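Contents: one structure, followed by commentary.
The values are calculated or read from the model by the stated rules, or taken from the named source; none is laboratory data. All values reported here derive from a predicted model rather than from experimental measurement. When we count neighbours, we look across all protein chains shown, and the Cβ atoms used for this are built from the backbone with ideal geometry, even at glycine. Ligands, DNA and RNA are excluded from the accessible area calculation, which covers all protein heavy atoms including side chains. Shrake-Rupley method; radii C 1.70, N 1.55, O 1.52, S 1.80 Å.
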Amino acid sequence: MESKQRILLSALRIFLKKGYKATSIKEIMDESQFTKGAIYHHFSSKEELFLETIDLLFDTFAEWEAELYKDQNSLHEILLRYFQSLGEIRLFMQNLAGDNTVDEFNFYLLMMEAFINFPEIREKHRETHQKNNNRFITLLRAAQQEGVIRNEIECETLALMINALGEGTLMYHILNEPIDLQQIGEKIFTNIWNGIAVRKE
């Protein structure tokens, strides 16, 4: 692994545990085993390091999602996989950070701090969300044309509902009480599918 990547992953571990503002370059030096000069050779400031760390997080998450769906072809399979994947967020974060003590809560706090302090990160998230929303709209419209889901369903609103249910369930789990995300994800999928699927006589 090249030195820049090692620094980014080390920074990610510290940022996840402490947040952006509370993290010092010294802590990243200690975690990465790189000198201050080596870190500043790759990054002009802590802010630049943080922005590139979040870019790494976004890019790796996009690769993970692509892998999740690569073998799913039907709307039924894709929606099921989408809601099942809620239960895999923790493992994704731990594998990326190389630290089994980080979890969804660390991720949520870090992203909230990032959105508040860096408008460009909030905009990137908005663009990613819109891309995901558009993908669901396309899938839903195709499923309508194939007679799989009901024609009276308004696809733009349903796509928004799917994304909101996914993100909202994760937030409920983080902010209120721990729930079995995979199990509840599968139940949410079943309720949605029963409401939208064309019933065969």
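Heavy-atom accessible surface of the stretch 7-152, averaged per residue, reaches 52 Å², computed with a 1.4 Å probe.
Here the Karplus curve 6.51 cos²θ - 1.76 cosθ + 1.60, taken at θ = phi - 60°, turns the phi angles of the stretch 58-72 into couplings of 4, 5, 5, 5, 5, 5, 4, 4, 4, 5, 4, 9, 4, 9, 9 Hz, with x standing for Gly and Pro. Residues within the reach of a label modelled at Asn151 (point 7 angstrom out along Cα to beta-carbon, backbone nitrogen below 15 Å), restricted to the stretch 171-201, are 198-199.
When each of the peptides 76-89, 175-188 is scored by the mean number of other C-beta atoms lying within 10 Å of its residues, the order from highest to lowest reads 76-89, 175-188. Taken about its Cα centre, the chain carries a charge dipole of roughly 160 debye when the Cβ of each Lys and Arg holds +1 and the Cβ of each Asp and Glu holds -1. Its DSSP H runs of at least 4 residues, each contributing -39,500 (n - 2.57), put the calculated 222 nm mean residue ellipticity of the chain at -25000 deg cm²/dmol, to the nearest 500. Per-atom-type breakdown for the chain gives carbon and sulfur 52% of the accessible area (1.4 Å probe, protein chains only).
From largest to smallest, the equivalent ellipsoid semi-axes obtained for the chain from the alpha-carbon gyration tensor read 38, 16, 14 Å. Since only Leu56, Ala197, Phe43 are under comparison, the one whose Cα sits farthest along the positive direction of the charge dipole of the chain, derived from C-beta charges on Lys, Arg, Asp and Glu, is Phe43.
Report, ordered by chain and residue number, the lysines lying within cross-link reach of Lys46, taken as a straight Cα distance under 23 Å and ignoring same-chain residues fewer than 8 apart. Partners found: Lys4, Lys17, Lys18, Lys21, Lys26, Lys36, Lys124. Full extension of the chain between Asn194 and Ser44 gives 48.7 nm of extra length, using 0.36 nm per residue less the Cα-Cα distance. Paramagnetic label reach from Lys187 (point 7 Å along Cα→Cβ; backbone nitrogen cut-off under 20 Å): within the stretch 45-88, residues 79-88.
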